[in-house]
1. Among the residues of segment 31-56, count how many are closer than 19 Å to residue 141 by Cα and open to solvent by 30 Å² or more (accessible area, probe 1.4 Å).
2. If I go through segment 135-152 residue by residue, how many of them are touching a Ser or Thr at 6+ places or on another chain (Cβ under 8 Å) and of a type outside the set (Gly, Ala, Ser)?
3. Can you go through 70, 74, 97 and tell me which one is open to solvent by 50 Å² or more (accessible area, probe 1.4 Å) and hydrophobic (A, V, I, L, M, F, W, C)?
4. Could you please give the count of residues in segment 163-178 that are touching a Ser or Thr at 6+ places or on another chain (Cβ under 9 Å) and either polar (S, T, N, Q) or surrounded by fewer than 21 Cβ atoms within 10 Å (Cβ to Cβ) (or both)?
5. Suppose the filter is modelled with pLDDT of 90 or more, over 18 Å from residue 55 (Cα atoms) and open to solvent by 70 Å² or more (accessible area, probe 1.4 Å); does residue 113 pass it?
6. Looking at segment 1-34, which of its residues are polar (S, T, N, Q) and free of Cβ contacts under 8 Å to residues at least 40 places away in the same chain?
7. So which of 124, 110 ends up being within 27 Å of residue 36 (Cβ to Cβ) and either free of Cβ contacts under 8 Å to residues at least 24 places away in the same chain or in contact with a helix residue (DSSP H, G or I) (Cβ under 8 Å, 6 or more places away or on another chain) (or both)?
Amino acid sequence: MARIKYNVPIIRSQLSETNYETKNIGLTWGDPQSSHEIILYISVGCSHCGKAVKELGRLMEIYPNLHYRLIFALNPNSSNDETNIITRNFICYYRNLSKNEFFNVLDTWYALPEKTLDALQKAYPTLYTQYDCKKEIDILYEFNQQNKINYAPAIFLDGRLLSHIYNYMDLYGIARAINAE
């Protein structure tokens, strides 16, 4: 089954028709000149998203020649939603920490038994104001408002949403297939 599932034409057949505008959204790593980009859409309250983030970090080490993007799900109806405030903190951590430090923050977050702003700030105190990272948050709001993606983690390849039959455990097989192309 894996040989079929990770065949590039099969993967491409499972991509949405819609090409989502993801170029200026989220957090990025890897080679921006790569012909392929793996995008992970995650929610800060989702345990599977934590596993997906861990897998994404592993892929970056194995396939540094690919481009990677992490996009956070936000509640587009409330800027004061705790999830949105936590996401703002993650964006600020991304701006101010090395890749490894940032992924340590995410690993710590997803390992917390209680995913609250208080728990995050006990583990990683922040000094950010509500105006820090405002541009990035505004772009995320717009993306979430326009696209209404209804599950996380969701995987995109080159700006197109991959069918939900692929999940975070398929990231390695997808990366290996497109990297060999």
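The values are calculated or read from the model by the stated rules, or taken from the named source; none is laboratory data. Small disclaimer: the values here were computed from a predicted structure and weren't measured. Because the Cβ atoms are built from the backbone with ideal geometry, glycine has one as well, and the counts that use them run over all protein chains shown. Ligands, DNA and RNA are excluded from the accessible area calculation, which covers all protein heavy atoms including side chains. Shrake-Rupley method; radii C 1.70, N 1.55, O 1.52, S 1.80 Å.
1. Residues flagged as closer than 19 Å to residue 141 by Cα and open to solvent by 30 Å² or more (accessible area, probe 1.4 Å) within segment 31-56 amount to 2.
2. The number of residues fulfilling the criteria is 4.
3. 97
4. The number of residues fulfilling the criteria is 1.
5. So residue 113 fits the description; yes.
6. Residues satisfying the conditions are 13, 33, 34.
7. Unique residue meeting the criteria: 110.
One line per residue, one yes/no per condition, for (1) more than 14 Å from the chain's Cα centre (by Cα); (2) more than 17 Å from residue 42 (Cβ to Cβ):
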position: 109; (1), (2): yes, no
position: 115; (1), (2): yes, no
position: 120; (1), (2): yes, no
position: 153; (1), (2): no, no
position: 157; (1), (2): no, no
position: 173; (1), (2): yes, yes
position: 181; (1), (2): yes, yes
